[in-house]
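Asker: Before I ask anything, here is the structure I am working with.
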Amino acid sequence: MTEPARPDARPDWDPERIAAVYAAGLSAAAGPDTDFFAAGGHSLLAVLLADRLRELLRVPVTGFDVMEHPTPRALLAELRGRTAAPHPAPGASGAPTSGAATTGRGTVLVTGGTGAVGSFVVTELLARGHRVRALVRPESAAALAGTGAEPVDGDLAEPDGLRAAARGADAVVHAACTFTRPDVDEAALRALADGWEGGPFVFVSSVDAYGRPARPTVREGQGAEGAVSDYGRGKERCESLLLDAADRRNARDGVSLVRVPLVWGPHHRLGEQLRFGALRTFHQRALRGEPLLVPERDGWTGVPWVGAAALARALADMLDRPAGGIVNAVAGHVGWAELAGELAVLMGGGSAVRTAPDLPPALHRPWRYRTDLFDARYGTGLREDWRPLLAATVAAGAGHG
């Protein structure tokens, strides 16, 4: 068997040829010593250049490599040094290069890469050996330093950047959301679907898309009923947009629409959601030591929940075994009185839990979300004790108050 040519013996490892790739990407003149950033480069362009260089040089190159060695000559010197060791035999596994994740499982774009769900997904995918392209806002990119993920500057309100970020990715996990701008979320999903080049596409949706069903048992994928919040309606429309795009490509089997409930775990964004989201009234009253009021009503009422790390494991599983439709990623349900009591203890304010009539309709939630399809395909790995998760969420919110 003939061993691959050494880097210094291959004509495609010429600084001028590498510079030509830079010139094409930068849409500007570039030579072997042109500085990538001085010529107008940025993190998204670094990722796109890395994709082209991988094809040209047939070695692992990441966006971090382009940014850390910002001239074609410097990058080529780094790659020559990195590949100076004997080439492994075909099929042998090599070590990750320059802090990047193992390259054997393809590149996954994760939106919201430092967010409440996305950050856990990035960690899980890197641990499984995926290359990860993490879409983040510029001010958040530093949080990915040293992880091996490639940060890509982007924003849900910038469709062109989303299309570009999706191009060249082998899979997409769309975990980012504005929560308050359904129009922006829908435009973002449409842009990602436009840039999507195939492979699995996992969309993090919400059980709010079911609305307020007439029956307390909610099956996976049943139609919306009753009043649906703007947030829930936006998620439902995003699901439809993605399914339409998949149908045009005959790729519906690769799509996973994952409806999630409240997410708890050790992340400051989850702590912020606890403080300012659906449970804000409980949180604020517990912080002040005031009584926590729960519905005075026959039958069970409460909320569904899931842990962030367990959810991330499930989303990663869907890259290998897509759901092909809607599944509910719900770990369990906790009643209002039990939840309020635990929150009062965690907040340390001595709040009592009392029932009261005429509370806001948002607290009248009798629904339990079935997970038959999810469990059959992915097992029951979401199940865990909700109390430590709630405690971690409270602590994360206090740490960033």
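Just so it is clear, none of the values below were taken in a lab; they were calculated from the coordinates. A quick note: this is a predicted structure, and the numbers were derived from the prediction, not measured. Here Cβ is always computed from backbone atoms with ideal geometry, including for glycine, and neighbour counts include all displayed protein chains.
Asker: Normalise the Cα radius of gyration of the stretch 179-265 by 2.2 N^0.38 Å (N = residues in it) and let me know the number.
Answerer: 1.12
Asker: Turning to a different aspect of this structure: For the chain, set up a Gaussian network in which alpha carbons nearer than 10 Å are linked by springs, and say which option among S205, S119, S229 fluctuates the most.
Answerer: Highest fluctuation of the listed residues: S229.
Asker: With a 10 Å radius around each residue's Cβ, average the other Cβ atoms per peptide and rank 379-392, 355-368, highest first. Don't skip to the end; give the middle numbers.
Answerer: Numbers: 379-392: 16.0, 355-368: 13.2.
So the peptides 379-392, 355-368, ranked by packing, come out 379-392, 355-368.
Asker: Kindly provide the helix-only [θ] at 222 nm of the chain, computed as the sum of -39,500 (n - 2.57) over DSSP H runs of four or more divided by all residues, to the nearest 500 deg cm²/dmol? Write down the numbers at each step before the final one.
Answerer: On the way: 14 runs with 159 residues, N = 401.
After summing the helix terms and dividing by the residues of the chain, the value is -12000 deg cm²/dmol.
Asker: Per residue, how much space in cubic angstrom lies within the convex hull of the C-alpha atoms of the chain? Let's see the in-between values first.
Answerer: Values: hull volume 59.8 nm³, N = 401.
Taking only Cα atoms, the chain has a hull volume of 149 Å³ per residue.
Asker: Next question. Calculate how many DSSP beta bridges within the chain are antiparallel, expressed in % of all such bridges and rounded to the nearest 5. Numbers along the way, then the final one.
Answerer: Numbers: 4 of 40 bridges.
Within the chain, antiparallel bridges account for around 10 percent of the total.
Asker: Can you pull the one-decimal nm distance between simple spin-label points at T380 and R368, each 7 Å off the Cα toward Cβ?
Answerer: The two pseudo-label positions are separated by 1.3 nm.
Asker: At q = 0.12, 0.19 Å⁻¹, what base-10 log of I(q)/I(0) does the Debye formula yield for the stretch 11-82 when every alpha carbon is treated as an equal point scatterer in vacuo?
Answerer: -0.23, -0.62
Asker: Using packing as a proxy for protection, rank 30-36, 144-150 so that the peptide with the highest average count of other Cβ atoms within 10 Å comes first.
Answerer: Working: 30-36: 17.0, 144-150: 19.9.
Descending mean neighbour count gives 144-150, 30-36.
Asker: Classify the stretch 280-323 from the C-alpha gyration tensor, please: rounded if a/c falls under 1.5, else prolate or oblate depending on whether a/b exceeds b/c. If you can, show how the numbers build up before the last one.
Answerer: Numbers: a/c = 6.42, a/b = 2.18, b/c = 2.94.
Cα axes put the stretch 280-323 in the oblate bin.
Asker: Calculate the FRET efficiency for L56 and T355 from the Cβ-Cβ distance with a Förster distance of 51 Å, rounded to the nearest 0.05.
Answerer: Values: r = 68 Å, r/R0 = 1.34.
With R0 = 51 Å, the Cβ-Cβ based efficiency is 0.15.
Asker: Estimate the FRET efficiency between R248 and R181 by the formula 1/(1 + (r/R0)^6), using the beta-carbon distance for r and 25 Å for R0, to the nearest 0.05.
Answerer: Values: r = 26 Å, r/R0 = 1.03.
The value I calculate is 0.45.
Asker: Right, here's the next one. Taking amide hydrogens as modeled 1.01 Å from N in the peptide plane, which residues meet the under 5 Å criterion relative to R368, leaving out close sequence neighbours?
Answerer: It is T217, V218, by chain and number.
Asker: Taking the Cα centre of each part, how many Å lie between the stretch 328-369 and the stretch 13-54?
Answerer: Here the answer is 55 Å between Cα centres.
Asker: Using a Gaussian network model of the chain with C-alpha springs under 10 Å, which one of L242, L162, L279 is most mobile by mean-square fluctuation?
Answerer: L279
Asker: Over every pair of different alpha-carbon atoms in the stretch 128-236, take the mean of 1/r and invert it; report that Kirkwood radius in Å. Let's see the in-between values first.
Answerer: On the way: mean 1/r = 0.0647 Å⁻¹.
Over the stretch 128-236, the inverse of the mean reciprocal pair distance is 15.5 Å.
Asker: Using the per-residue mean of other Cβ atoms lying within 10 Å as a proxy for protection, in what order, highest first, do the peptides 18-29, 38-49, 302-313 fall? Walk me through the numbers before you get to the answer.
Answerer: On the way: 18-29: 16.6, 38-49: 19.6, 302-313: 22.2.
Going by the mean number of other Cβ atoms within 10 Å, highest first, we get 302-313, 38-49, 18-29.
Asker: Next question, about the same structure. Can you compute the charge dipole magnitude of the chain about its Cα centre, using +1 on each Lys and Arg Cβ and -1 on each Asp and Glu Cβ, nothing else charged? Give it in debye, rounded to the nearest 20.
Answerer: Working: 43 positive and 47 negative charges, 151 e Å.
Dipole size: approximately 720 debye.
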